[in-house]
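The values are calculated or read from the model by the stated rules, or taken from the named source; none is laboratory data. Remember, it's a predicted structure, so these values are computed and weren't measured experimentally. Please note: Cβ atoms are built from the backbone with ideal geometry, for glycine as well, and neighbour counts cover all protein chains shown.
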Amino acid sequence: MRPGDLIRYKETGRRITVLTAWDSLSSSMVESAGADVVLVGDSLSMVILGHSTTLPVTLEQMLHHTQAVGRGLSKPLSDQPLVITDLPFLSYQCGEDKAVEAAGSLLKNSCAAAVKVEGAEPEVLKVIKRLVRMGIPVMGHLGLTPQSVHRLGYRRQGEDERAQEKIINDGIELQRAGCFSIVIEHVPSKVATQLKNHLRIPVIGIGAGHDCDGQVSVTADLLGLTATQPPFSPALIDGRKQNIEALKGWVLQQRHEVKIPTKGSSQQGPDYLPSSHMDQ
């Protein structure tokens, strides 16, 4: 899968599916599920690393997790999903040279074939144009942009006519800058529809209604693994509760059924092998 394939999918009306992954286990599941795109989102800052926003995650951490995602993919390269990695906060806002170095490092040292950046400010557009000229495919991101949490919060964007017009214009500018697709997050569905109809490149929605060229979701949210859910991404299963109950069952079983050898016992059966010998 390559970035250009997503544009061809839009042209033929094939809906695009995007799921996040953060390590080899999650990427293996996403690949097996048949997703077109694996997004190594900076949402891992919150979902996996325990931060309250996406801002603290570093470029080194994004590279580390992207490399792990690559190790979880097992299909032939031509059949693997497209891997896109978020450029984290301050890796591209500080100028074109720094952005090229950051994005180039991700593509050079991992399985990522593209990067995603947020916003369409003049400075960001310059960065996108430079990245594209350097051969680095870029996905844009409009609407709710989590790296702007201190300015925008997590509230829905594009609520008034002026804001909606700006999102449409920003999408046009991102396409002109060379983006191969755009994520549109937490906006009224009519805004996403208008953007989709205006652009040649795919518009991938999250909390933006169903009339998009595709949908993206945080895998941990869909599986119900997080303690709280975004209002626009309901869980498909109560995975957190199911997993906790399964683990509780195991813990209780071990406490009641496994005998702990007393001090000086000569019993050395297989039940007492340390975990490091389990596979020997």
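Results, tabulated for the structure shown:
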| item | result |
| --- | --- |
| Hits in the stretch 202-234 (condition: in contact with a His (Cβ under 7 Å, 6 or more places away or on another chain) and either surrounded by fewer than 17 Cβ atoms within 10 Å (Cβ to Cβ) or farther than 15 Å from K190 by Cα (or both)) | F232 |
| Breaking point among (1) surrounded by fewer than 15 Cβ atoms within 10 Å (Cβ to Cβ); (2) within 17 Å of the chain's Cα centre (by Cα), for N109 | (2) |
| Pairs with Cβ under 6 Å, 6+ apart, first in the stretch 78-95 and over 14 Å from L55 (Cβ atoms) and assigned by TED's automatic domain parsing to the domain that holds L63, second at pLDDT below 95 and part of a loop (DSSP other than H, G, I, E, B) | P81/M1; L82/M1 |
| Top-ranked residue of the stretch 139-196 - restricted to ones that are among the aliphatic types (A, V, I, L, M) and out of contact with any strand residue (DSSP E or B) (no Cβ under 6 Å at 6 or more places or on another chain), ranked as surrounded by the most Cβ atoms within 10 Å (Cβ to Cβ) | V191 |
| Members of the stretch 197-206 found to be in contact (Cβ under 8 Å) with a residue 40 or more places away in the chain and touching a strand residue (DSSP E or B) at 6+ places or on another chain (Cβ under 6 Å), listed by number | I201, P202, I204 |
| Lone qualifier among K196, K190 - being touching an Asp or Glu at 6+ places or on another chain (Cβ under 7 Å) and assigned to a helix (DSSP H, G or I) | K196 |
| Any hit, the stretch 158-179, residues being within 24 Å of V127 (Cβ to Cβ) and among the polar types (S, T, N, Q) | yes |
| Qualifying residue in the stretch 120-127 (condition: over 16 Å from I182 (Cα atoms), in contact (Cβ under 8 Å) with a residue 60 or more places away in the chain and surrounded by fewer than 20 Cβ atoms within 10 Å (Cβ to Cβ)) | no |
| Selection count, the stretch 49-81, where residues are at pLDDT below 95 and among the aliphatic types (A, V, I, L, M) | 1 |
| Restricting the stretch 208-230 to residues that are in a loop (DSSP other than H, G, I, E, B) and in contact with a strand residue (DSSP E or B) (Cβ under 6 Å, 6 or more places away or on another chain), the residue that is nearest to L6 (Cα to Cα) | D213 |
| Given (1) part of a loop (DSSP other than H, G, I, E, B); (2) in contact with a Ser or Thr (Cβ under 9 Å, 6 or more places away or on another chain); (3) of a type outside the set (A, V, I, L, M, F, W, C), number of the condition Q67 does not satisfy | (1) |
| Count of the stretch 127-185 residues which are within 19 Å of T54 (Cα to Cα) and not in a strand (DSSP E or B) | 14 |
| Residue that is nearest to the chain's Cα centre (by Cα) [pool: residues in the stretch 199-210 that are farther than 22 Å from L152 by Cβ and at pLDDT 95 or above] | P202 |
| Pick from the stretch 1-28, criterion part of a loop (DSSP other than H, G, I, E, B) and at pLDDT 95 or above, ranking: nearest to the chain's Cα centre (by Cα) | A21 |
| Residue list for the stretch 70-93, restricted to those being in a loop (DSSP other than H, G, I, E, B) and crowded, with 16+ Cβ neighbours inside 10 Å | G72, L73, Q80, P81, L87, P88, F89, S91, Y92, Q93 |
